[in-house]
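Written below as structure tokens is the structure these notes are about.
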Amino acid sequence: MSKVLVVGGAGYVGGYMVDHAISAGHSVRVIDNLTYEDAYLKPIEFFFGDILEFSTLEPHLKWADTVIWLAAFVGDPACAINPKLTMQTNVDSIRNLVDSFSGRIIFPSTCSVYGAQELLLDEESLTAPLSLYAESKIAAEEILISAPNSTLIFRLGTLFGLSDTYSRLRVDLVLNTLTIRAVLDGSMSVFGGEQFRPLLHVKDVATAAVPHIDSAITGIFNLHTENITILELAYRIQRIIPSASIETTKISFQDSRNYRVNSDKARQILNFEPKWSVEDGIKEVYEAIVSKRIKDVSNLRYNNSLTLRTRLDAI
């Protein structure tokens, strides 16, 4: 069993990642600057730290055998707010990491690196980033691949669902957004709708990562559960929430990404099998809203770019 440092572990992916790593028997520490939270209440070892003040991380890097690096500006709108700060956060911090840490690294990249392509894309496919977010992830991948560390990189599909009891829901992800609108508005607006997304339940990031905290497997792996069009996703939500209507607009969607990925490499080499389906995610978001477990989904903290803009404006 390893000593695992989860950097950015208070976030959406970190919630279940920490739980799963602990349940697997690892010793876990979380370090986070709480960009999206006012407190970290999970009863495990927690340290406040900022990756832009790297000295706050160094004592914990000396302790760790494995680092799961979740800290980043995530999503196209969030990364576009301050491009310089995005590159410092998403790229320069990775350069500092490999200069300061010689152990194993597990790093989430994104399938957004593929941009808009018609083919079924595997890890050897050309990248075609359409945003600073995707560009920053490719740059981080290149630093990690060139470093001597034992590094496992996951290109994640579009996430959905609930993470753990403590972590916030993200309302800026397509499945979560459409489900919330189906519940609260009784309708879902779909622009275009034929664009594909490779969807992945947020908990299945941990399903893939945690079994390989101690393994020697390295490289880049696509990670997704299902390729689905936005319109088909809306129909799937409607089957679970029949009262919701679908309003389609036959115009180009403002987000031009359109891609399908192949995750056979992860299935064959990592034995990855996703545990949560698209329907599981729809149902749990639906239940969270109708039960008032999430009282006000319009709160800025549930949206990456809106929260980040507010925080940066306050500096």
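The values are calculated or read from the model by the stated rules, or taken from the named source; none is laboratory data. Small disclaimer: the values here were computed from a predicted structure and weren't measured. Heads up, the Cβs are rebuilt from the backbone with ideal geometry, glycines too, and the neighbour counts pull from every protein chain shown.
Which of the helices (runs of 4 or more DSSP H) found entirely inside segment 206-315 contain at least 1 residues meeting this: modelled with pLDDT of 95 or more and touching a Phe, Trp or Tyr at 6+ places or on another chain (Cβ under 7 Å)?
230-240, 264-269, 278-290
I need a count of the residues in segment 283-315 that are closer than 24 Å to R239 by Cβ and either among the hydroxyl-bearing types (S, T, Y) or under 17 Å from the mean Cα position of the chain (by Cα) (or both).
Count: 3.
Which numbered condition trips up T127, out of (1) surrounded by fewer than 22 Cβ atoms within 10 Å (Cβ to Cβ); (2) modelled with pLDDT under 95; (3) closer than 29 Å to V171 by Cβ?
(2)
Is it fair to say S167 is assigned to a loop (DSSP other than H, G, I, E, B), touching a residue at least 40 places away in the same chain (Cβ under 8 Å) and closer than 18 Å to I294 by Cβ?
Yes: the conditions hold for S167.
Going by what's in this entry, would A128 be described as part of a helix (DSSP H, G or I) and either of a type outside the set (K, R) or at positive phi (or both)?
Answer is no for this residue.
Can you tell me which residue is modelled with the highest pLDDT among those in segment 174-196 that are part of a strand (DSSP E or B) and surrounded by 17 or more Cβ atoms within 10 Å (Cβ to Cβ)?
Out of the qualifying residues, it is M188.
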